[in-house]
Amino acid sequence: MRETSLSPDNFIHPLFVTFGKGVRKEIPSMPGCYQESVDRIVRHAKEISSLGIPAIILFGIPEHKDEKGSGAYDDHGVVQQAIRAVKNVVPDMFVITDVCLCEYTSHGHCGVVKNGAVLNDPSLELLAKEAVSHARAGADMVAPSDMMDGRVDAIRTALDEEGFADIPIMSYAAKYASAFYGPFREAAESTPQFGDRRAYQMDPANRREALKEVALDIEEGADIVMVKPALAYLDVIADVKAAFDVPVAAYNVSGEYSLVKAAGKLGWIDEQRVMMEILTSIRRAGADLILTYFAKEAVKILTT
Ligand code: PBG
């Protein structure tokens, strides 16, 4: 009689790639999550695959950051190295890459900055370069998370021109300017050095605007659309699912993970039950795919 099911196939596991060798540094606000060097990412990807989770999404923490985020589109960048290494050792792993500049820019914004403002159009060129560089390294899908206007079109065009017409795009289509990203920014060392992201991310108070953002991304060529965060935006997930016929992904973000972990640690909630309830709710709202730091723990419960 159960209307909603969870399966390992629903999950995408986020991983943070850093430079160096033998590095596996736990993120203080995200117990069980790590910044890992390429060799450790490969090991981790093997473990994730052996649990039956089909996909990972990679975030990069480069050794050097600069104004233009050049580490993002460097063919020898941390993410590019990780893609090659994972595909080499775990060829069945579906490797998705986060396409954004904030982890690579010295100012921590998701686009090019001039005179204290984020410039939309000049950012598109760099994001397209980054996506192509990921595809060249062997990524199976790219996921732009920057929220610049027109980036799906720019990335689709660049991928097609470079011979990657078969690489799909999962766009962070309805991405809110959320405080739930706090722990991630610690993990990715990507907190903006001035201002905030409200000029390009959405106002949490807006529901109908999400449909407009999603429609634009689909028109520009998005194959999968994402709502982010997940838990405080279940209404948006349900709206998007009802209005469009493409697969819907939801990002169960860092802050949602940290809340559960912290309360669990204090003994205030039954952590495992809360985790499964949240993941089930995200599916019930309409998400086909869930990006979640809980993926391994949830799959262990599902398969034992
Ligand atoms: C931006 C990006 C962010 C997340 C994924 N991609 C954060 C931001 O906009 O600052 C957040 C993911 C999470 O909180 O788990 N590149």
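Output the residue which, of all residues in segment 173-188 that are part of a helix (DSSP H, G or I) and among the hydrophobic types (A, V, I, L, M, F, W, C), is nearest to the ligand (Cβ to nearest atom).
Pass one, segment 173-188, residues part of a helix (DSSP H, G or I): 179-188.
Now restrict to residues that are among the hydrophobic types (A, V, I, L, M, F, W, C): 179-180, 184, 187-188.
Numbers: Ala179: 10, Phe180: 6, Phe184: 3, Ala187: 8, Ala188: 7 Å.
Ranking the qualifying residues of segment 173-188, first place goes to Phe184.
Given Val152, Val142, which one is buried (at least 23 other Cβ atoms within 10 Å of the Cβ) and either assigned to a loop (DSSP other than H, G, I, E, B) or more than 13 Å from the ligand (Cβ to nearest atom) (or both)? Residue meeting the stated conditions: Val152. Scanning segment 199-211 for residues that are out of contact with any Asp or Glu (no Cβ under 7 Å at 6 or more places or on another chain) and farther than 17 Å from Asn115 by Cα turns up Gln201, Asp203, Pro204, Ala205, Asn206, Arg208, Glu209. Put simply, of Phe194, Phe180, Phe184 the only residue that is closer than 30 Å to Pro28 by Cα, modelled with pLDDT under 90 and either out of contact with any Cys (no Cβ under 9 Å at 6 or more places or on another chain) or basic (Lys, Arg) (or both) is Phe194.
Looking across segment 227-276, the residues that are within 15 Å of the ligand (Cβ to nearest atom) and farther than 23 Å from Gly32 by Cβ come down to Val227, Tyr233.
Being in contact (Cβ under 8 Å) with a residue 60 or more places away in the chain and among the β-branched types (Val, Ile, Thr) is the filter here; which residues of segment 13-64 pass it? If the condition is that a residue be in contact (Cβ under 8 Å) with a residue 60 or more places away in the chain and among the β-branched types (Val, Ile, Thr), then Val17, Thr18, Ile27, Ile48, Ile53, Ile57, Ile61 are the ones that fit.
Based on this model, can you work out whether Val95 counts as of a type in the set (A, V, I, L, M), under 30 Å from Ala262 (Cα atoms), without any contact (Cβ under 8 Å) to a residue 24 or more places away in the chain and touching a strand residue (DSSP E or B) at 6+ places or on another chain (Cβ under 8 Å)? Give the steps one after another, and end with the answer.
Working: of a type in the set (A, V, I, L, M): yes; under 30 Å from Ala262 (Cα atoms): yes; without any contact (Cβ under 8 Å) to a residue 24 or more places away in the chain: no; touching a strand residue (DSSP E or B) at 6+ places or on another chain (Cβ under 8 Å): yes.
Here the answer is no, as Val95 does not meet what is asked.
Within segment 113-145, which residues are acidic (Asp, Glu) and closer than 20 Å to Asp75 by Cα? Working first, answer last.
Just the residues of segment 113-145 that are acidic (Asp, Glu), to begin with: 121, 125, 130, 140.
Correct list: Glu125, Glu130, Asp140.
Mind checking which residues of segment 111-139 are part of a loop (DSSP other than H, G, I, E, B) and surrounded by fewer than 15 Cβ atoms within 10 Å (Cβ to Cβ)? Spell out how you get there, then give the answer.
Residues of segment 111-139 that are part of a loop (DSSP other than H, G, I, E, B), as a first pass: 111, 115-116, 138-139.
Result: Asn115, Gly116.
Annotation: Ser70 fulfils all but one of (1) surrounded by fewer than 19 Cβ atoms within 10 Å (Cβ to Cβ); (2) hydroxyl-bearing (Ser, Thr, Tyr); (3) in contact with an Asp or Glu (Cβ under 6 Å, 6 or more places away or on another chain); the unmet one is (3). With respect to (1) among the small types (Gly, Ala, Ser); (2) in contact with an Asp or Glu (Cβ under 9 Å, 6 or more places away or on another chain); (3) over 20 Å from Pro183 (Cα atoms); (4) buried (at least 18 other Cβ atoms within 10 Å of the Cβ), the lone exception for Gly22 is condition (4).
For segment 90-118, filtered to residues that are touching a Leu at 6+ places or on another chain (Cβ under 8 Å) and near the ligand (Cβ under 10 Å from one of its atoms), the residue that is farthest from Leu51 (Cα to Cα) is His109. Checked against (1) in contact with a Pro (Cβ under 8 Å, 6 or more places away or on another chain); (2) under 20 Å from Pro28 (Cα atoms); (3) among the aromatic types (Phe, Trp, Tyr), Trp268 passes all but condition (1).
Listed by first and then second residue, the pairs with beta-carbon distance under 7 Å, at least 6 apart or on different chains, first residue in segment 105-126 and at pLDDT below 90, second assigned to a loop (DSSP other than H, G, I, E, B) and exposed (fewer than 13 other Cβ atoms within 10 Å of the Cβ), are Gly116/Phe194.
Every test in (1) crowded, with 22+ Cβ neighbours inside 10 Å; (2) under 16 Å from Asp74 (Cα atoms); (3) more than 15 Å from the ligand (Cβ to nearest atom) is passed by Val86 save one, and that test is (2).
The values are calculated or read from the model by the stated rules, or taken from the named source; none is laboratory data. It should be emphasised that the depicted structure is a prediction, and the values quoted were computed from it without experimental measurement. A quick note on method: Cβ atoms are made from the backbone with ideal geometry, for glycine too, and the neighbour counts reach across all protein chains shown.
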